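No value in this document is a laboratory result; all are computed from the given coordinates. The structure presented is a predicted model; accordingly, all values stated were derived computationally and were not measured. Cβ atoms come from the backbone with ideal geometry, glycine included; neighbour counts cover every protein chain shown.
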Amino acid sequence: MFWDWWQSLFVDMSSANFFNFSFLPRYGYAVIQGVEYTLILSVISVLMAVLPALLLATMRLSKNKAVRCISGAYIAAFRSTPILVQLMIIYYGVFSIITVPKFMIFGFIDSTRFIPGVTALALNSSAYVAEIFRAGILAVDSGQMEAARSLGLSQFQSMRLVILPQAVKNVLPALANEVITMVKESSVCMVLGMAEIMFTAQTIGGSTMISIGPYMLAAFIYFVITYPTSKVIERIERRMRRGDKH
Amino acid sequence: MGTNTDYIISVEDLVKEYNGGKVVALDHCSLNVKKGQVIAIIGPSGSGKSTMLRSLNLLEEPTSGKIYFNVIDLTSKGVDINKHRQKIGMVFQHFNLFPHKTVLENITMAPVTLKKQTEEESKETALNLLERVGLIDKAYEYPNMLSGGQKQRIAIVRALAMEPEVMLFDEPTSALDPEMVGEVLDVMKELAAEGMTMIVVTHEMGFAREVADEIIFMSDGRIIERGSPVQIFENPENQRTKNFIDKVL
Ligand SMILES: Nc1ncnc2c1ncn2[C@@H]1O[C@H](COP(=O)(O)OP(=O)(O)OP(=O)(O)O)[C@@H](O)[C@H]1O
Ligand SMILES: [Mg+2]
């Protein structure tokens, strides 16, 4: 019984077969471009999030209550609503006012979709990265700031020369994890027709009538990208912590 | 009074409260320091010694009262505290060296950033100071390679590189292994002998007795008694001073 079913998976290439990858010879190139699109999208989104996140984190640690609240509200808003909703609001709201000129990035990425998409992901990510930075800054011993200030350095100089260089080290693993999260989260961009992994899978499904196989492949690709990377980061983090003790 | 030009530091009626007045760390304290004086602040744990010291360069913001540095009221609005802090060196119990910078960079960072000296000048100053404390061979090491005593001597040099007019020490030897206390105290004695104005919170009664011009005894946020080492250690007037001295000697 079982054996028959198992063999049928590979012999009978019905369109609903989980392991029907017969589209690969024809669409392999599209899949590879989809992977590239996803990686570019997630890395650029997190990089674009770094500066706003730094600003948000410093605001969050400010002595001024109003400044703290503004940053807190931004972070709460973006962390407490689905990224899909944010994407829609930013695409149909903000980018109906701003017109993005059409050009191709790396020859295959359409700017009119990519730029709104990156903007939405970066704004979302900056809320998470801000909390990462805040934790990284707070993890630096308070005596460091006191020593810097006692020498006559301003708050800003102390931050730039003493606190942030030490915070960066605390923060790098978490930042890498944020890229991994973004690799997965960026799949929402399929709704805008951005040709990343999920959109590519959907397109292949539509034109070949193979319903499950493309998504199984997409799942496999996401896993192969994120799981080993997160394991490597975990190891680096453990080694860094061991290094700190001495 | 604060406007008396004899005093390099003058504290008037200083009050510091925490948690909206639930903790009174300093309870109407006044203090005058003349140029070249060495003042030792002693007292039991929690008596407000650190709070007093940290108020002098406004690391703690006073609840009320005035702090004069060279006749300028540091607590008044519009004072550029960063400028004055350059002239008030501070040494901490836990050294607080910058771990991501070499010993030399630790020392030259502030003078160069604040444009007090060029990079070249400041390196020369730093090396001279390191030579004096016997640590010139550590110039290019990172702080985590050093012993506690070495770290604290570097922290003193880092403060001195700004050419301060007064040095504040908050229990500079309390975090050290006993065999390293001497090397740090020796540097401080040398500084005192050169005429540096120093305010030292310390548990080292031998040092206080030998080096200080004036001892201040604090308890419960108040200055209970002040006087020469002989007076405080041999003839304390206040019963609380007496009890404390009996306990620590
Ligand atoms: N940030 C703070 N928040 C609340 N209370 C504080 C704070 N800093 C100090 N205090 C309180 O103020 C009082 C004085 O503290 P301070 O550190 O000045 O004492 P100290 O004489 O330096 O003691 P020690 O010898 O233990 O260093 C203590 O009761 C302490 O608990
Ligand atoms: Mg103390």
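Quick one: putting +1 on the C-beta of Lys and Arg, -1 on the C-beta of Asp and Glu, what dipole do you get for the protein assembly as shown around its Cα centre, in Debye to the nearest 20?
Computed charge dipole of the protein assembly as shown: roughly 1300 debye.
Give me a comma-separated list of calculated 3J(HN,Hα) values for the range B:106-112, in order, Karplus coefficients 6.51, -1.76, 1.60 applied at θ = phi - 60°, integers in Hz, x for any Gly or Pro.
4, 7, 8, 4, 5, x, 6
Consider a paramagnetic label point 7 Å from the Cα of A:Ser111 along Cα→Cβ; state which residues of the range A:194-209 have an amide N under 20 Å from it.
The answer is A:194-196.
Show the residues, 5+ positions off or on another chain, whose built amide H is closer than 5 Å to the amide H of B:Met218.
Under 5 Å from the amide H of B:Met218 lie the amide H atoms of B:Ile42, B:Gly43, B:Ile224, each far enough along the sequence or on another chain.
Per the helix-only calculation at 222 nm, which mean residue ellipticity applies to chain B, given -39500 (n - 2.57) for every DSSP H run of n ≥ 4 and division by its residues, nearest 500 deg cm²/dmol? Show your work: numbers first, answer last.
Numbers: 9 runs with 90 residues, N = 249.
Helix-only estimate at 222 nm: -10500 deg cm²/dmol.
With a 10 Å cut-off between alpha carbons and a GNM built on chain A, which of A:Phe21, A:Phe103, A:Phe114 moves the most?
Result: A:Phe103 has the largest fluctuation of those listed.
Test of understanding: what is the full-extension gain from A:Ser14 to A:Ile98, defined as 0.36 nm times their sequence separation minus their Cα-Cα distance?
Computed gain between A:Ser14 and A:Ile98 is 25.6 nm.
How would you rank B:Val103, B:Val112, B:Val11, going from fewest to most other Cβ atoms within 10 Å of each one's own Cβ?
On the way: B:Val103 27, B:Val112 18, B:Val11 23.
By the 10 Å Cβ count, ascending: B:Val112, B:Val11, B:Val103.
How high is the FRET efficiency between B:Leu127 and B:Glu190 when r is their beta carbon distance and R₀ equals 22 Å, given to the nearest 0.05?
Taking R0 as 22 Å, the efficiency between B:Leu127 and B:Glu190 is 0.80.
Within the range A:156-192, whose backbone N sits under 20 Å from a point 7 Å along Cα→Cβ of A:Ser62?
Within reach of a label on A:Ser62: A:156-161, A:163-164.
How do A:Thr38, A:Thr208 rank when sorted from fewest to most other Cβ atoms within 10 Å of their own Cβ?
Numbers: A:Thr38 27, A:Thr208 16.
Listing A:Thr38, A:Thr208 from fewest to most nearby Cβ atoms yields A:Thr208, A:Thr38.
Separation between the B:Asp137 and B:Asp246 pseudo-spin-labels, each 7 Å from Cα along Cα→Cβ, expressed in nm?
Distance between label points: 5.0 nm.
Within a Cβ distance under 14 Å of A:Met145, other residues only, what is the Lys/Arg minus Asp/Glu net charge? Could you put the intermediate results ahead of the total?
Numbers: positive: A:Lys63, A:Arg149, A:Arg160, B:Arg54, B:Arg85; negative: A:Asp141, A:Glu146, B:Glu60.
Net of charged neighbours comes to +2.
In the Gaussian network model of chain B, springs joining C-alpha atoms below 10 Å, which of B:Asp137, B:Asp213, B:Asp73 carries the largest mean-square fluctuation?
B:Asp137
Starting from the Cα-Cα distance between A:Ser142 and A:Val43, subtract it from 0.36 nm times their residue separation and give me the gain in nm to one decimal.
32.4 nm
Taking R0 as 22 Å, what FRET efficiency do you get between B:Asp80 and B:Asn4 from their Cβ-Cβ distance, rounded to the nearest 0.05?
0.45
Evaluate the relative contact order of the range B:1-50 (contact order divided by residue number), counting alpha-carbon pairs under 8 angstrom at least 6 apart; express in whole percent.
Over the range B:1-50, the number comes to 32 percent.
Within the range B:98-249, what is the number of lysine pairs with alpha carbons under 16 Å apart, leaving out pairs fewer than eight places apart on the same chain?
On the way: B:Lys101/B:Lys123; B:Lys101/B:Lys138; B:Lys101/B:Lys151; B:Lys115/B:Lys123; B:Lys123/B:Lys138; B:Lys138/B:Lys151.
Taking the Cα cut-off of 16 Å, the pair count is 6.
Find the percent of Cα-Cα distances in chain B that exceed 25 Å, and round it to a whole number.
Counting pairs separated by more than 25 Å, the tail of P(r) holds 44 percent.
What number comes out for the charge environment of A:Ile204, summing +1 per Lys or Arg and -1 per Asp or Glu over other residues with Cβ under 15 Å away?
For residues surrounding A:Ile204, the net value is 0.
Return a whole-number percent for the relative contact order of chain A, with Cα pairs under 8 Å and 6 or more residues apart as the contact set. Intermediate values should be presented prior to the final figure.
Details: 253 pairs, mean separation 74.8, N = 246.
About 30 percent, as a whole number.
If Lys and Arg each add +1 and Asp and Glu each add -1, what is the summed charge of the other residues whose beta carbon sits under 13 Å from the beta carbon of A:Gly72?
+4
Antiparallel versus total DSSP beta bridges in chain B: what percent is that, nearest 5?
Counting only bridges with both partners in chain B, antiparallel ones make up about 55 percent.
With r defined as the distance between the Cβ atoms of A:Phe2 and A:Val232 and R0 fixed at 51 Å, what FRET efficiency is calculated, to the nearest 0.05?
Values: r = 37 Å, r/R0 = 0.73.
Result of the calculation: an efficiency of 0.85.
What distance in nm separates the two pseudo spin-label positions at A:Met88 and B:Val71, each 7 Å out from Cα along the beta-carbon direction?
Modelled inter-label distance: 7.1 nm.
Using Cα springs under 10 Å in a Gaussian network model of chain B, which residue among B:Asn70, B:Asn19, B:Asn57 shows the largest mean-square fluctuation?
Greatest mean-square fluctuation among the candidates belongs to B:Asn19.
Pull up the cross-link candidates among the aspartates and glutamates for A:Lys102, meaning alpha carbon to alpha carbon under 15 Å and not fewer than 8 places away within one chain.
A:Asp110
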